[in-house]
1. Can you tell me how many residues in segment 108-133 are surrounded by 12 or more Cβ atoms within 10 Å (Cβ to Cβ) and either β-branched (Val, Ile, Thr) or touching a residue at least 24 places away in the same chain (Cβ under 8 Å) (or both)?
2. Which pairs have Cβ atoms under 9 Å, sit 6 or more apart or on different chains, and link a residue in segment 320-336 that is touching a residue at least 24 places away in the same chain (Cβ under 8 Å) to one that is of a type in the set (Val, Ile, Thr) and in a loop (DSSP other than H, G, I, E, B)?
3. When the residues of segment 51-101 are filtered to those that are acidic (Asp, Glu) and within 38 Å of the chain's Cα centre (by Cα), which remaining residue is nearest to GLU269 (Cα to Cα)?
4. Considering each of ALA99, ALA87 in turn, give the residue that is touching a strand residue (DSSP E or B) at 6+ places or on another chain (Cβ under 7 Å) and free of Cβ contacts under 8 Å to residues at least 12 places away in the same chain.
5. Would you confirm whether any residue within segment 323-331 is at pLDDT below 80 and crowded, with 16+ Cβ neighbours inside 10 Å?
6. Applying the selection to segment 592-628, what residues are at pLDDT 65 or above, out of contact with any Phe, Trp or Tyr (no Cβ under 6 Å at 6 or more places or on another chain) and part of a loop (DSSP other than H, G, I, E, B)?
7. Would you mind stating whether GLU340 is in contact (Cβ under 8 Å) with a residue 24 or more places away in the chain and under 13 Å from PRO309 (Cβ atoms)?
8. So in segment 640-655, with the set limited to residues that are touching a residue at least 24 places away in the same chain (Cβ under 8 Å) and under 17 Å from TYR713 (Cα atoms), which one is surrounded by the fewest Cβ atoms within 10 Å (Cβ to Cβ)?
Amino acid sequence: MTHNDSSLAALLKEHFGFEQFRPLQKEIIRSVLEGKETFALLPTGGGKSLCYQLPALTDEGVTLVISPLIALMKDQVDGLNAAGIPATFLNSSLSRPEAAERMRGLWGGAYKLLYVAPERLMIPDFLSNLDQWNVNRFAVDEAHCISEWGHDFRPEYRKLGALRQRFPKAQFLALTATATPRVRDDIIKGLHFSEPQTFVGSFNRPNLSYSVRPRQDGDGLALALTRRHKGESGIIYCFSRAATENLARFLKDNGVSSKPYHAGLSDDERRQTQEDFIKDNVDVICATVAFGMGIDKPNVRFVMHYHLPRNIEGYYQETGRAGRDGLPSECVLLFSASDEIKYRRLWEDKASEQERKVAIDQLLAMSHFAESADCRRAGLLNYFDEHFDEIPCGGCDNCLNPRAKMDGTVIAQKLMSCVFRVREHSGFSVGLRHLIEVLTGANTEKIRQWGHQALSTYGIGKEYSRDAWMHFGRELMRKGLLNQDADQYNTIQMTERGNQFLKGKETIPLTEPPVKPDAAIARTLASGDEYDHALFETIRGLRKQLADEQGVPAYTIFSDVALRQMAAYYPDDLQSFSKISGVGRVKLDSYGPSFVEAIKTFLDVNPRQNYKHPQPDSKPVRERDASRPGETVFKTVRMFNDGLDLHSIAQTREIGIQTVEQHLAKAVIADLELRDHAWFTQEEADTMEKAFTELGDDRLAPVRESLNESVTYLQLQIYRAMRRKTSK
């Protein structure tokens, strides 16, 4: 029986209620109806299931769908039955009487589609039933499970190729949402396809935005995301069962409707959690990767990966569960290099060296994606061999806030020379963290034990923080100049390309290290707690003003939770303001003075209320010790040493002049090298010393006032820094 476009459109409307096909659906369905071997690669949410469901309605036989996912079986069968399409499944979730009843229906020709798992399908007795049930088509869903190169290899899938000989007249269709070119070839080979009709859809999901954040106060970042999507559905993927339990409990304690999902729960508990999520009885699921497979919930507004996924295929598949309805949705990944180490330890006992190598290669690709400064959408699509050149994409953190490039030649030379000198001196390699301690002149037990304080590279990298050096080191690994040997305790070696770089005159561009984000969302003051509403409205107005001036959303300045803490504790100096959750070093420098001044002005005309809250549990932002200034200080110092005056630095960095002065004062305390500059005369120094002796050096305003403002705040800060340093 032939079907033209109008007849297919009529079936689509009648049985599925859609007016038109999605891209490639009609072409795939035509190939299936013509009885051809068919391979279809469509993105998550691209409508793969319709490609075998609609053809099943056009002939007398039964379409057997092979799926590893019990949740998908039930979800799709329920949907088909609700649409009046006779379908069933056979799996371990059924009781014996239920399974027997469904098998009787199959013998009686009651169903058009049957869903089974590969383990059940390949049982000899079960195979013998298929002839009697008139199975004329096999649809292999999640076909990437066939490939040893895939992210979800399942040995049972490798046996499916035998079905081609057992059922030579049946039509075969393979479908997947995630497959690299290598995996595609493996699928075609594994199913013994000779000349398949191949359809590859675009992997691009334009409605999804992608971002990566350092996992600092991960719970707070998760809470921020859920509050930004209050009342909407979201999934947060975690590495372990314990992590899902802890995060779900934290979110629930902070007013978010959330539940955990992992293999340690009973079947009934997992089933109930899935149902609650599908029916919008719970907003957020904190889950291990098992959750969401086969659940076609269209209105998932965000997916967060609390830990690094094992591979890009899994990341793409899991983020693909967001925004299936085509509406804008958010994909957030929290990154920590420590996740790599966890996985490597987990894989030490992999069954074969080949499996371990494949897993580590995929993990490295995932890490490179997470740390890349390039367009994330292009990175994802390129991984699946799809070219994307619409950059900036407008939908990822790197395109919306591109990181500046810098000449990293000297940086690379210093780090790689340190690798060489350490090995030359000690006869063995060390990890990146130890190399950084050598470069920054740390005084650790291992450095003293191994004599690395005597190396020529000791202390030559003090101009950058340790976090910045970690950033540079990992970028040099991604560029292939350094290698981290997982089999040798993650020690660092130079590659052949690295050796060539050191010997030649090549320049290396690097991305500037990010300034550490502030400590995120507060855990104190739940939404119903008391606070001074008048002060809240005052500082909310200030936040709006600052946000409008900078062209950013208000929540990027401070969250409502942080404002409520301010309105409960009245922090009227920078030290107390630093204790507010959400106030990190950068925000303290950038916004602290404005907010403190607003709070002081408010208190001039309004009484301070006592709300009797426990003190905020976030620790004050510590001033770094002499050897540990922050990256934002280093940036100011580098610009000052390049000859820029204070006003130029403030204008270029878009920070206040007072902030620049504070940075230079911290640089003096930290013994950072500053260009020659006469900060004050000897007479001014004597005058300041006398005033500080009489009035103390805790506050500068009274000292400057006592001197009739004859010296500047910068002079006072620099002199105080020198004074405190010599008094230690």
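The values are calculated or read from the model by the stated rules, or taken from the named source; none is laboratory data. Values in this document were obtained by computation on a predicted structure and should not be read as measured data. Note that each Cβ is placed from the backbone with ideal geometry, even for glycine, and that neighbours are counted across all protein chains shown.
1. 18
2. Here the result reads GLY320/THR44; GLY320/THR178; ARG321/THR44; ARG321/ILE295; ARG324/THR44, each pair linking segment 320-336 to a residue that is of a type in the set (Val, Ile, Thr) and in a loop (DSSP other than H, G, I, E, B).
3. Filtering segment 51-101 for residues that are acidic (Asp, Glu) and within 38 Å of the chain's Cα centre (by Cα), the one nearest to GLU269 (Cα to Cα) comes out as ASP75.
4. Being touching a strand residue (DSSP E or B) at 6+ places or on another chain (Cβ under 7 Å) and free of Cβ contacts under 8 Å to residues at least 12 places away in the same chain holds for just one of ALA99, ALA87, which is ALA99.
5. No - not one qualifying residue is present in segment 323-331.
6. Matches in segment 592-628: ASN606, PRO607, GLN609, ASN610, TYR611.
7. Considered against the rule, which asks whether it is in contact (Cβ under 8 Å) with a residue 24 or more places away in the chain and under 13 Å from PRO309 (Cβ atoms), GLU340 comes out as yes.
8. LEU646
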